[in-house]
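Please read through the structure below; I'll follow up with questions.
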Amino acid sequence: MHLNYTVIDRGDELSRSLAAKFHLLAGERGMIRNDARPNFVISIGGDGTLLQAYHKFVERIDDISFVGVHTGHLGFYADWKADELEELVALMAENEPRIVSYPLAKIELETANDKTCFTALNEFTLKGVDGTLVAQININDELFEMFRGDGIVISTPSGSTAYNKSLGGAIVHPSMESIQMAEIASINNRVYRTLGSSVLLPKHHHVDIISSKKQRITLAIDHISILRDDIRAIRCAVSDHKISFARYRPFTFWNRVREAFIGYDHQQ
Ligand code: NAP
Ligand code: MN
């Protein structure tokens, strides 16, 4: 059976030339280019490129395996280097990959009229536009806290190394089906009180972020951000879908964390 694939590149010169090279090598190996309905999506660029590739194919997420090639620094979603393209294509043509799946976050936006659903690969970010964001937070339908502050980030395990980490959230291994809620600059004094630390919720739990007043809010699903003033509530939970990666050689999550944030120089 011939493997059917597409390539998404970051658009810079190096990534574009690597994409062209991939098509050439893949063609020689009998792989079939299918830009509309691929089963393998090769992302060439950075983690941001993989986020774009994910959102482009999110409707068919269960039928796709992703492979990431990085043309900048080592990525969390991109683990092949530019000079390893031949090796990657050869492995893809000749081997069955190990499929590794990571949890996604499900976000349901509720307005007075309708509900819209999104899934995020890294995180869902909520921020006030005109000042403090004011929101009631319920966990599993019970009041948890009244939040006042800059915003809230709900991240997936694989997104825990991105925005969530900058907020002091924990790094979560992607085998743990969970979402993490972290605060952005919450106001805490004798009047306003939030938990302060981030919380990790297992599958089948949900968080509702309820806006009881009319306020302008920026919502971001990964890198895609929209401005809304009609949001009444947002429900966040672990999605029923996952993203799959095709692995042709092992590269463990903790190795990535170490290589991205610690490096070898700091190990005595
Ligand atoms: P960007 O501004 O290029 O992204 C910021 C950095 O986050 C880049 O270095 C990016 O890597 C890296 N990154 C993306 N996903 C990651 C992950 N899962 N683990 C570790 N690092 C990750 O914008 P972008 O490339 O479109 O990425 C959007 C992401 O940026 C958002 O999903 C959010 O997580 C993150 N972000 C972080 C902050 C913050 O830390 N203060 C603020 C806003 C957004 P590449 O260079 O390889 O793309
Ligand atoms: Mn980027």
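Run a plain Debye calculation on the chain (Cα atoms as equal point scatterers, no solvent) and give log10 I(q)/I(0) at q = 0.07 Å⁻¹, rounded to two decimals, same order as the q list.
Debye output, listed in q order: -0.28.
Further, regarding this structure: Below 8 Å, C-alpha to C-alpha, sequence gap of six or more: please give me the relative contact order for the chain in percent. All intermediate terms of the calculation are to be shown ahead of the outcome.
Numbers: 605 pairs, mean separation 54.0, N = 268.
Averaging sequence separation for qualifying contacts and normalising by length gives 20 percent for the chain.
Taking 35 Å as R0, compute the FRET efficiency from the Cβ-Cβ separation of K115 and S175 and round it to 0.05.
Working: r = 30 Å, r/R0 = 0.86.
In this case the efficiency is close to 0.70.
Which residue, N255, L219, L88, has the largest displacement toward the positive end of the dipole of the chain when charges sit on each Cβ (Lys, Arg +1; Asp, Glu -1)?
Farthest towards the positive pole: L219.
Shifting gears a bit: So how strong a dipole does the stretch 103-240 carry about its Cα centre when Lys and Arg Cβ are +1 and Asp and Glu Cβ are -1, to the nearest 20 debye? The partial results should precede the final answer.
Working: 14 positive and 16 negative charges, 70 e Å.
I would put it at about 340 debye.
Using the 2.2 N^0.38 Å rule of thumb for compact globular proteins, work out how the stretch 182-268 stacks up: its C-alpha Rg over that value, please.
On the way: Rg = 18.9 Å, N = 87, 2.2 N^0.38 = 12.0 Å.
In units of the 2.2 N^0.38 Å rule of thumb, it is 1.57.
Give me the number: length gained by fully extending E108 to R37, i.e. 0.36 nm times residue separation minus the C-alpha to C-alpha distance, one decimal in nm. Working shown, then result.
Details: separation 71, 0.36 × 71 = 25.56 nm, distance 2.64 nm.
Extra length available between E108 and R37 comes to 22.9 nm.
Under a cut-off of 23 Å between alpha-carbon atoms, report the lysines in cross-link reach of K203, not counting same-chain residues fewer than 8 places apart.
Once the sequence-local lysines are set aside, what remains near K203 is K106, K115, K165, K242.
Here is a follow-up. Quickly work out the H241-to-E59 label distance, labels modelled 7 Å from Cα along the C-beta direction, and quote it in nm with one decimal.
Spacing of the two 7 Å Cα→Cβ label points: 1.0 nm.
In nm², what is the average projected area of the convex hull enclosing the Cα atoms of the stretch 1-115? Each step should come with its number before you reach the end.
Details: hull surface 33.4 nm².
Computed as one quarter of the Cα hull surface, the answer is 8.4 nm².
Can you list, bin by bin at 5 Å, the percent of alpha carbon pairs in the stretch 103-240, starting at 0?
With 5 Å bins starting at 0, P(r) equals 2, 11, 22, 25, 22, 12, 4, 1.
Hey, got the dipole for the chain? About the Cα centre, +1 on K and R Cβ, -1 on D and E Cβ, debye to the nearest 20? Please report the intermediate quantities before stating the final value.
Details: 29 positive and 34 negative charges, 98 e Å.
I would put it at about 480 debye.
Read the figures in this text as sums done on the coordinates, not as results from a lab. From a predicted model like this one, the values you see are computed outputs, not experimental measurements. As a convention, Cβ positions derive from the backbone with ideal geometry for all residues, glycine included, and neighbour counts pool all protein chains shown.
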